[in-house]
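Single-structure report; data block below.
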Amino acid sequence: MSTLIAIPSTAPGGLEAPLGAHFGHCDLYTMVSVEDKKIKSVEVIPNMPHQQGGCMAPVQYLADNGTNKLIAGGMGLRPLMGFNQVGIEVYFGGEFQTIGEAVNAFIEGQLPQFSQEHTCGGGGGH
């Protein structure tokens, strides 16, 4: 079964790019398809303007793009609850420098599920 993981990224995206510090304010998303514990494909999609629909707009945008997992370094409680509502599981990848490192840790089962203790006050601050 294939899993589509969205990872907030710093431009230009891809496996070598730095993990975006806050999901809603990232440059773009690196979309990684994983099947049988192997990376099958990597695609980069733009982020959307944060003001159109607030925090929930990027949540719905990623859901509409087929995302079923998200690895993030930071986000507020409201979008975390939104991801839970649309069925996207969120994992904390803030310990990793690159998208590739975070995805490999996910594949190996080393990322904790994102919880309230990982959330920040929103707006890109902690």
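The values are calculated or read from the model by the stated rules, or taken from the named source; none is laboratory data. Treat the numbers as computed from the prediction; the structure is a model and nothing was measured. Counting neighbours? That spans all protein chains shown, and the Cβs are built from the backbone with ideal geometry, glycine included.
Computed values, structure above
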item	result
Residues (in contact with a helix residue (DSSP H, G or I) (Cβ under 8 Å, 6 or more places away or on another chain) and at pLDDT 95 or above) located in the range 64-82	K69, L70, I71
Tally of residues being over 20 Å from G76 (Cβ atoms) and either of a type outside the set (A, V, I, L, M, F, W, C) or assigned to a loop (DSSP other than H, G, I, E, B) (or both) across the range 1-36	15
Criterion (at pLDDT below 90 and in contact with a helix residue (DSSP H, G or I) (Cβ under 6 Å, 6 or more places away or on another chain)) met by exactly one of C26, C55	C55
Residues located in the range 1-50, provided they are touching a residue at least 40 places away in the same chain (Cβ under 8 Å) and closer than 21 Å to G87 by Cβ	T3, L4, I5, A6, I7, P8, F23, G24, T30, V32, V34
Residue satisfying condition, being assigned to a strand (DSSP E or B) and either more than 13 Å from I99 (Cα to Cα) or under 12 Å from the mean Cα position of the chain (by Cα) (or both), within set I39, I71	I71
Count - residues of the range 83-125 that are modelled with pLDDT under 90, assigned to a strand (DSSP E or B) and surrounded by 15 or more Cβ atoms within 10 Å (Cβ to Cβ)	2
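Residue-wise test of (1) over 19 Å from A105 (Cβ atoms); (2) basic (K, R); (3) buried (at least 19 other Cβ atoms within 10 Å of the Cβ).
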| position | (1), (2), (3) |
| --- | --- |
| S9 | no, no, yes |
| P12 | yes, no, no |
| E16 | no, no, no |
| N68 | no, no, no |
| G76 | yes, no, yes |
| L80 | yes, no, yes |
